[in-house]
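One structure is given here, and the rest of the page talks about it.
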Amino acid sequence: MSTLVKIKSHRRLKSQLLIVMLVIFAWSVAMGWILGFATSAHGANPGAAIGTVDVVPARYQPGQELYLENCSSCHIALPPAVFPSQTWQNLLKDSQHYGAQIQPLGKLQHLLVSKYLYTFSRVQLQDETTPYRLKDSRYFRALHPGVKLPNPVNIGSCASCHLGADKYDFRSLTPEWEQEAGGRGQGAGSREQGEGSRGK
């Protein structure tokens, strides 16, 4: 009789262990899904104060805020994708910034800003030289097809078409460009013809 009790007790223990393992598994899957959603672009909330180009996940928002705080105090802050990661890496290392001496970022600030910039910048092609000016940026030119840009192109001229450029909002266009982009069903800054009369 004691053998029968031991077998029943052993089966009950196995079934309880199986239930505990299933609960742990379900909890792990649920937590993984929740954490994955929270750190993805779908779970990100764009900052109300920043009219950003794209939604930035919460873990990169401190880096974006530091980038804007440090860079837009002197000039319009450009979206990271305008330059390749190598450009940003070189700019962050050098205290000589386009002829001006700048204060280097602290270690934590550097880490946050560089993670933001490297994550949202583009890949540099093997045969591509590292661009440091907008006119040399392959991606900048790709974003402005058919647009006759001023010579020289400088970041101050962004505001002539992008009304919110000073607020890091490059999607808001002047009514003239908004109508052109909307009428053609294309993204911001694209224009195929008729730009010569405006000199843009």
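Brief remarks on what is shown
- Entry remark, the range 159-180: residues being farther than 13 Å from Ala77 by Cα and either acidic (Asp, Glu) or in a loop (DSSP other than H, G, I, E, B) (or both) number 8 in total.
- For the range 163-200, the set of residues classified as at pLDDT 65 or above and either among the polar types (S, T, N, Q) or in contact with an Asp or Glu (Cβ under 7 Å, 6 or more places away or on another chain) (or both) consists of Ser172, Thr174, Gln179, listed by residue number.
- Residue in the range 145-152 that is modelled with pLDDT of 85 or more and of a type in the set (Gly, Ala, Ser) present: no
- Helices (runs of 4 or more DSSP H) enclosed by the range 1-115 - at least 1 residues per element that are of a type in the set (Lys, Arg) and either over 30 Å from Glu128 (Cα atoms) or at pLDDT 90 or above (or both): 2-38
- Tallying residues that are open to solvent by less than 40 Å² (accessible area, probe 1.4 Å) and either of a type in the set (Phe, Trp, Tyr) or in contact (Cβ under 8 Å) with a residue 24 or more places away in the chain (or both) within the range 156-183 yields 9.
- Among residues of the range 89-113 that are free of Cβ contacts under 8 Å to residues at least 40 places away in the same chain, those with a Cβ under 9 angstrom from a residue that is open to solvent by 70 Å² or more (accessible area, probe 1.4 Å) and of a type in the set (A, V, I, L, M, F, W, C), sequence gap 6+ or separate chain, pair up as His97/Cys74; Ala100/Cys74; Ile102/Cys74; Leu105/Leu111.
- Filter result for Gln124 (in contact with a helix residue (DSSP H, G or I) (Cβ under 8 Å, 6 or more places away or on another chain) and not aromatic (Phe, Trp, Tyr)): yes
- In the range 55-102, the residue that is surrounded by the fewest Cβ atoms within 10 Å (Cβ to Cβ) out of those that are farther than 28 Å from Leu35 by Cβ and among the β-branched types (Val, Ile, Thr) is Ile102.
- For the range 97-118, the set of residues classified as of a type in the set (A, V, I, L, M) and farther than 17 Å from Ala81 by Cα consists of Ala100, Ile102, Leu105, Leu108, Leu111, listed by residue number.
- Considering the conditions (1) assigned to a helix (DSSP H, G or I); (2) under 18 Å from Phe170 (Cβ atoms), Val147 is excluded by exactly one of them, (1).
The values are calculated or read from the model by the stated rules, or taken from the named source; none is laboratory data. Note that the structure is a prediction, hence the values are computed from the model and not measured. For neighbour counting, all protein chains shown are included, and Cβ atoms are generated from backbone atoms with ideal geometry for every residue, glycine included. Keep in mind that these areas ignore ligands, DNA and RNA; they rest on the heavy atoms of the full protein, side chains included. Shrake-Rupley method; radii C 1.70, N 1.55, O 1.52, S 1.80 Å.
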